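Engineer: Take a look at this one; I'll ask things after.
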Amino acid sequence: MKFELADRRIVGPSGELLVPPGDEITPRLLMLMEGECERLGAAEAARKHGLTRQRYYQLLNLFKARGALALQVQKRGPKTNYVRTDELERQVIRHRFLDPDASVDVIAQKLRQAGFAVSTRSVERVVEKYGIQKKTSSLPPRA
């Protein structure tokens, strides 16, 4: 049995099986099978599939611990919003309502003085998220 990565198909002595385009688990499982069961070795199997040997062993350990579903590609980046916490958002809203004319720079500075590690851009994002922009002065209608 052989896996052709470019064509995304598994070829055997009696036929072939196509791997669907969105399937992330099957190619990784086949890589582990090639590395562990077909004597291809970890380094060669990882190279063939465009991964490092270190990542190969990470996936192997995941597979041993939790099975094939653990091979699914995970979301990258932080899992929580550690800067714009609920408390920080409440404080931004509070400062905006206490002083509607204060700019986001001023609000960010007040929050930093209160002990929050926040950037002006984070304050801008909270203001945009909740739609609490400064009121613009309305012009009288033209005569």
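Engineer: Relative to the longest principal Cα axis of the chain, at what angle does helix 120-130 sit, 0 to 90 degrees, rounded to 10?
Structural biologist: Result, in degrees: 90.
Engineer: Separate question: How far, in degrees from 0 to 90, does helix 25-36 lean away from the longest principal axis of the Cα atoms of the chain, to the nearest 10?
Structural biologist: Around 50 degrees separate the two axes.
Engineer: Lysine pairs in the chain with Cα distance under 25 Å, only those 8 or more apart or on different chains: how many are there?
Structural biologist: Lysine pair count for the chain: 11.
Engineer: If you take the Cα atoms of the range 18-110, find Rg, then find the Kirkwood Rh from the mean of 1/r over all pairs, what is Rg/Rh?
Structural biologist: When Rh is taken as the Kirkwood radius, the ratio is 1.38.
Engineer: OK, next. What's the extension gain from Asn81 to Lys2 if we count 0.36 nm per residue and subtract their Cα-Cα distance?
Structural biologist: Full extension of this stretch gives 24.1 nm more.
Each reported figure results from applying straightforward, stated rules to the coordinates on display, with no laboratory input. Keep in mind the model is a prediction, meaning the values are calculated, not measured.
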